[in-house]
1. Quick one: how many residues across region 119-162 are farther than 17 Å from ARG33 by Cα and among the small types (Gly, Ala, Ser)?
2. For region 159-179, give me the residue count where each residue is aliphatic (A, V, I, L, M) and either outside any helix (DSSP H, G or I) or over 15 Å from SER45 (Cβ atoms) (or both).
3. Return yes or no: is GLY152 within 27 Å of GLY179 (Cα to Cα), at pLDDT below 95 and assigned by TED's automatic domain parsing to the domain that holds GLU19?
4. Quick check, is GLU71 in a loop (DSSP other than H, G, I, E, B) and without any contact (Cβ under 8 Å) to a residue 24 or more places away in the chain?
5. ASN299 fails exactly one of the following numbered conditions: (1) surrounded by 12 or more Cβ atoms within 10 Å (Cβ to Cβ); (2) over 29 Å from ASP27 (Cβ atoms). What is the number of that condition?
6. For region 227-241, what are the residues that are part of a loop (DSSP other than H, G, I, E, B) and at pLDDT 95 or above?
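The values are calculated or read from the model by the stated rules, or taken from the named source; none is laboratory data. Quick caveat: nothing in here was measured; it's all calculated off a predicted structure. We place every Cβ from the backbone using ideal geometry, glycine too, and count neighbours over all the protein chains shown.
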Amino acid sequence: MKSPLLTLPGAVPAEGVDEGVAAHYGDLFREQRALADGTGFVDLSHRGVVTVSGPERLGWLHLLLTQHVQELPPHEATEALILSANGHIEHALYLVDDGETTWAHVEPGTQEALVAYLESMKFFYRVEVADRTEDIAVVHLPAGSIAGVPEGAAVRETPYGRDLFLPRGDLEEFARTAGPAAGLLAYEALRVEQHRPRLGFETDHRTIPHELGWIGSAVHLQKGCYRGQETVARVQNLGKPPRRLVFLHLDGSEVHLPAPGTELRLADDGPDGRKIGFITTSVRHHELGPVALALVKRNVPVDARLLAGDTAAAQETVVEP
């Protein structure tokens, strides 16, 4: 869905999965600094919005999600995954319940498959699942923001800021009062700095939650009864994940960022060495310079110097080996 905020001065459209909102509004680093200082907002209206209502919604979701939501208090934010039978990540949901309805925003274009799965699991439960993407838009206010929240908006409060669920018709009025707009590139740069994985970026068809540090934040280890739980328990108790997420500081002298999918090798082995991982997201940060998230094999030494294509990279541990 194309956001009306693409008509704001300087707006440059994002591409790929984030098509429909602005990548930036003319000054990437200024937009990053504004968000870091707690001012402005980010248009996330391209994201999917799914709601679940009905008196049995939390108990029913508790059976399907990796997170413990049976007694989720109103207005308390959480996040959860839906796994395949083999424990691979299929959906990531960013949730809040307002006491009557559970709201979730999800990756653009994934809401239809998510709703289809949820509908298939309703059975006799008193729940109603709805795709609200056409009438509800998500916007993000950074941590420390003092911008007002429109009356009636569902709010998801996290350590990184607030996600608001607004009627799409209110989006332009909100933009006039919420301060300067920041684009997706600024939001993504701060996400990478905070080591937060994103479905479809840090995940592929075989990713399990342990590899990305989603254990704890999106996976509750003291509950079962969800699809893929056996894999989660087995890896947690008996084994180690085959890969781990790392944060990379990239050589700032390079003009171009290594693209997602760029192969990683040990620097001592040179550019023709054995592949030990790949870039998942690369960004330019207003303070840190070029940085990235990447997946590497679990046994790669934490102090090993890496090459991302031809670009030198120093790693910081996100997921312990």
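1. 7
2. Looking only at that region, the number is 3.
3. Answer is yes for this residue.
4. Yes.
5. Result: ASN299 passes all but (1).
6. ARG227, GLY228
Conditions tested, residue by residue: (1) more than 27 Å from THR101 (Cα to Cα); (2) at pLDDT 95 or above; (3) surrounded by 23 or more Cβ atoms within 10 Å (Cβ to Cβ).
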{"position": "MET1", "(1), (2), (3)": "no, no, no"}
{"position": "PRO13", "(1), (2), (3)": "yes, yes, no"}
{"position": "GLU31", "(1), (2), (3)": "yes, yes, yes"}
{"position": "GLY38", "(1), (2), (3)": "yes, yes, no"}
{"position": "ASP43", "(1), (2), (3)": "no, yes, yes"}
{"position": "VAL50", "(1), (2), (3)": "no, yes, yes"}
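Yes/no per residue for (1) assigned to a strand (DSSP E or B); (2) closer than 23 Å to TYR117 by Cβ; (3) under 17 Å from the mean Cα position of the chain (by Cα):
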residue	(1), (2), (3)
LYS2	no, no, no
PRO9	no, no, no
VAL17	no, yes, yes
PHE29	no, no, no
GLN32	no, no, no
GLY38	no, no, no
HIS46	no, yes, yes
VAL50	yes, yes, yes
PRO55	no, yes, no
